[in-house]
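First up is the structure itself, then whatever we jot down about it.
The values are calculated or read from the model by the stated rules, or taken from the named source; none is laboratory data. Predicted model only: the values in this text are computed from it and were never measured. We place every Cβ from the backbone using ideal geometry, glycine too, and count neighbours over all the protein chains shown. SASA here: full protein model, heavy atoms, side chains in, ligands and nucleic acids out. Shrake-Rupley method; radii C 1.70, N 1.55, O 1.52, S 1.80 Å.
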Amino acid sequence: MKKRILSLVLAALLLLPLTAMANASTTQSLVGLAFTNGGQGASCSVNVQHVTIGTTTYQNALRYSVSGGPNSFVYSCHNLNGQFTTLTGRIGRQAGSQNFNARFSFYGDGRHIATHAMNASDAARTITIDVTGVNVLEIRLHRAAGASGNLTITYAFANGVLTRANAVTGVSIPGGNRSVHVGRTVQLQATVAPHNATNRNVTWASSNTAIATVNASGLVTAVAPGNANITVTTRDGNFTASVRVTVTQDQSVPSATWALIQAVLRSIGNLFSSIGNFIMMFLRWLGMPITWFIGLFR
């Protein structure tokens, strides 16, 4: 009985990592991320509870409630680590807010991704933003000119959800090491795992460009006799794989040389044929048999 209990406990412990893996979420709510409030002079809140946009109340949102102050307010999140592909959420004006236009702008690592304008009469809507590879995400609200003084304008980005990317786990170069003659090329292919990885981009490099070079698509050009290692590196995760390329001098006779030799041999054959024809004609003219001519060489 004790052995059976022990075996059941061990089996449960072994299954825990698999259960955790199976339950791993492919999405991440903005509620679980740390945001920095960059709005100066604004009344802004992160992950506000019970924000009403139109007639719908949302349980989480980034809220921009402005009463005077600057015309632009920023929320920054610094811990995406390039592991997400899309950001989806609802943008809209909070119920009871003053009717002024505004626009939401999204930036990834300082690069503008998208801007969505909200007019005072617009209904709340769902938007999707491409955040592939982004480390630092900024969500900015720009209020329209004239929205100042004691007027209160409240907009919100609600129910924000990030979709997690399929991370790269490795890379390989099928076919192993290669041999190629000087002046020739060989195409290498990178196999990124898993097959459904989100970011499958790679870079190629040669350990000795004096021996062999490689371009961005993995095409290797043999430059001089010797050995060079060609390495591929994934953009996601910096996984690497390498093959050795051996470059040799081509010892075979070039096709152009063979063509020249054949042309010379044909010319010699034609010359001897012409000489033979001339001798036969000359012997007939003399009335001498061919055997007489052959006997001259015995």
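Quick check on PHE278: is it touching a Gly at 6+ places or on another chain (Cβ under 6 Å) and modelled with pLDDT of 75 or more? Here the answer is no, as PHE278 does not meet what is asked. The test for being crowded, with 17+ Cβ neighbours inside 10 Å and among the hydroxyl-bearing types (Ser, Thr, Tyr) does not hold for THR209.
Restricting attention to region 126-147, the residues that are of a type in the set (Gly, Ala, Ser) and either open to solvent by 60 Å² or more (accessible area, probe 1.4 Å) or at pLDDT 80 or above (or both) add up to 2. Residues that are assigned to a strand (DSSP E or B) and either in contact with an Asp or Glu (Cβ under 7 Å, 6 or more places away or on another chain) or open to solvent by less than 70 Å² (accessible area, probe 1.4 Å) (or both) within region 175-186 comprise ARG178, VAL180, HIS181, VAL186, listed in sequence order. Quick one: would you say VAL223 is open to solvent by less than 80 Å² (accessible area, probe 1.4 Å), more than 30 Å from ALA193 (Cβ to Cβ) and of a type outside the set (D, E, K, R)? Taking the combined requirement at face value, the residue satisfies it. The set of residues in region 187-205 being open to solvent by 30 Å² or more (accessible area, probe 1.4 Å) and over 13 Å from THR234 (Cα atoms) consists of GLN187, HIS195, ASN196. So which of GLN59, GLN83, GLN98 is modelled with pLDDT under 85, open to solvent by 40 Å² or more (accessible area, probe 1.4 Å) and under 30 Å from ASP236 (Cα atoms)? Exactly one of GLN59, GLN83, GLN98 is modelled with pLDDT under 85, open to solvent by 40 Å² or more (accessible area, probe 1.4 Å) and under 30 Å from ASP236 (Cα atoms), namely GLN83.
Suppose we filter GLY269, GLY237, GLY295, GLY276 for residues that are on the phi > 0 side of the Ramachandran plot and small (Gly, Ala, Ser); which single one remains?
Being on the phi > 0 side of the Ramachandran plot and small (Gly, Ala, Ser) holds for just one of GLY269, GLY237, GLY295, GLY276, which is GLY237.
If you check THR240, THR231 for being modelled with pLDDT of 95 or more, open to solvent by 80 Å² or more (accessible area, probe 1.4 Å), touching a strand residue (DSSP E or B) at 6+ places or on another chain (Cβ under 6 Å) and under 30 Å from ASN135 (Cβ atoms), only one passes: THR240.
Among the residues of region 244-251, is there at least one that is closer than 29 Å to PRO194 by Cα and either free of Cβ contacts under 8 Å to residues at least 60 places away in the same chain or of a type in the set (A, V, I, L, M) (or both)? Checked against the condition, which is being closer than 29 Å to PRO194 by Cα and either free of Cβ contacts under 8 Å to residues at least 60 places away in the same chain or of a type in the set (A, V, I, L, M) (or both), region 244-251 yields at least one hit.
Here are some residues: VAL186, VAL168. Which one is at pLDDT 95 or above and of a type in the set (Val, Ile, Thr)? Going through VAL186, VAL168 in turn, just one is at pLDDT 95 or above and of a type in the set (Val, Ile, Thr): VAL186. For ALA210, the conditions (1) under 30 Å from ARG164 (Cα atoms); (2) out of contact with any Leu (no Cβ under 8 Å at 6 or more places or on another chain); (3) modelled with pLDDT of 95 or more are fulfilled apart from (1).
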